[in-house]
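The values are calculated or read from the model by the stated rules, or taken from the named source; none is laboratory data. Bear in mind that the values here come from a model prediction, so they are computed numbers and not experimental data. Heads up, the Cβs are rebuilt from the backbone with ideal geometry, glycines too, and the neighbour counts pull from every protein chain shown.
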Amino acid sequence: MTDPLLSQLPGWAFAFVLVLCRVSAAVMLLPGLGESAPPATVRAGLAIGIGVLVLPGAMASLPPEPSQPIELLSLIAGELLRGGLLGWLARLMALALPIAGQIAAVQIGLTSVIQPDPELGAQNSGTSRLLSLAAPVMILTSGLYALPLQALVGSYHAFPPGGPFSLGDAAQGVAQATSACFALALRLAAPLIVAGLGWQTLSGFLARLVPSLQLFQVAMPGQLLGGLLIFGLLLRQMLQTWLDALAPALSSLPGR
């Protein structure tokens, strides 16, 4: 006589793998949880732990195990796509902070052409690195990491596995989130942009008025010192403005 518990194990294994596909794809991208600094084993363990917690609530939304391998592969691919889309939408707004740091570095003059940033795909800078480290710390300490996790759980009711998936709506959502990300980054770095433009304009006037002046040797130290001073004075307000904009963005994720 077969144990009823053993007979249910294949169904539970299929359900867990299906849930893990969406959860792991999302966790690898979620701000605060999917950072590249922690080891991959830590992030994998976090994805498995969240998957175990999500599984009981998602069981009612899961389809039966398909009989054809191609159907199973299609189902897994759809779950990876849904999880990755949710994680990427959440991360886009979080990227506004390091992007603002990169813009600030350009205005201050701290960029380096020999140190590429592996996350932003641009020149590395101290301000961008500082803000990219501050972003996950603030997300974890403020409790905002719970908002995308709630959206992940709710996505099983909004987008059940095996259901229709609109690539057009997904592309539109990513485009809107990208636009909002860059708009927020420009808003955060706006004081430094204005100060940088003013300094370059003043330098141009000096070059015209005093042609014999070694302008680079005079202007560059002032640009560095003044830019760092403005950045330090505005840092707290930048972080608070970013948090205030991040909270409603995470609250409006699909599944919330």
Subject >> Whichever residue in the range 215-241 is surrounded by 12 or more Cβ atoms within 10 Å (Cβ to Cβ) and among the polar types (S, T, N, Q) and, among such residues, is farthest from Leu110 (Cα to Cα) >> reply: Thr241
**OP:** State whether one or more residues within the range 216-225 are small (Gly, Ala, Ser) and assigned to a helix (DSSP H, G or I).
**Re:** yes
**OP:** For residues that are under 15 Å from the mean Cα position of the chain (by Cα) and of a type in the set (A, V, I, L, M, F, W, C), scanning just the range 218-256, find the one that is nearest to Gly204 (Cα to Cα).
**Re:** Trp242
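Among the residues of the range 165-213, what is the count of those that are over 30 Å from Gly78 (Cα atoms) and of a type outside the set (Val, Ile, Thr)? Before you say what the answer is, go through the steps one by one.
Going through the range 165-213, the residues over 30 Å from Gly78 (Cα atoms) turn out to be 183-213.
From what is left, the residues that are of a type outside the set (Val, Ile, Thr) are 183-192, 195-200, 202-209, 211-213.
Within the range 165-213, residues that are over 30 Å from Gly78 (Cα atoms) and of a type outside the set (Val, Ile, Thr) number 27.
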**OP:** Identify the single condition in (1) within 27 Å of Pro164 (Cβ to Cβ); (2) surrounded by fewer than 21 Cβ atoms within 10 Å (Cβ to Cβ); (3) modelled with pLDDT of 80 or more that Val27 does not satisfy, given that it satisfies every other one.
**Re:** (2)
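Give the residue, chosen from Val42, Val54, that is part of a helix (DSSP H, G or I) and crowded, with 20+ Cβ neighbours inside 10 Å. Even if it seems obvious, please write down each step before you answer.
Numbers: Val42 fails: crowded, with 20+ Cβ neighbours inside 10 Å.
Answer to the check: Val54.
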Subject >> Output for the range 146-170, where each listed residue is more than 18 Å from Ser24 (Cα to Cα) and of a type in the set (Ser, Thr, Tyr) >> reply: Ser166
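Please list, ordered by residue number, the helices (runs of 4 or more DSSP H) wholly in the range 123-189 having 1 or more residues that are among the aliphatic types (A, V, I, L, M) and in contact with a Ser or Thr (Cβ under 8 Å, 6 or more places away or on another chain).
Working: elements: 126-142, 146-158, 167-188.
So the answer is 146-158, 167-188.
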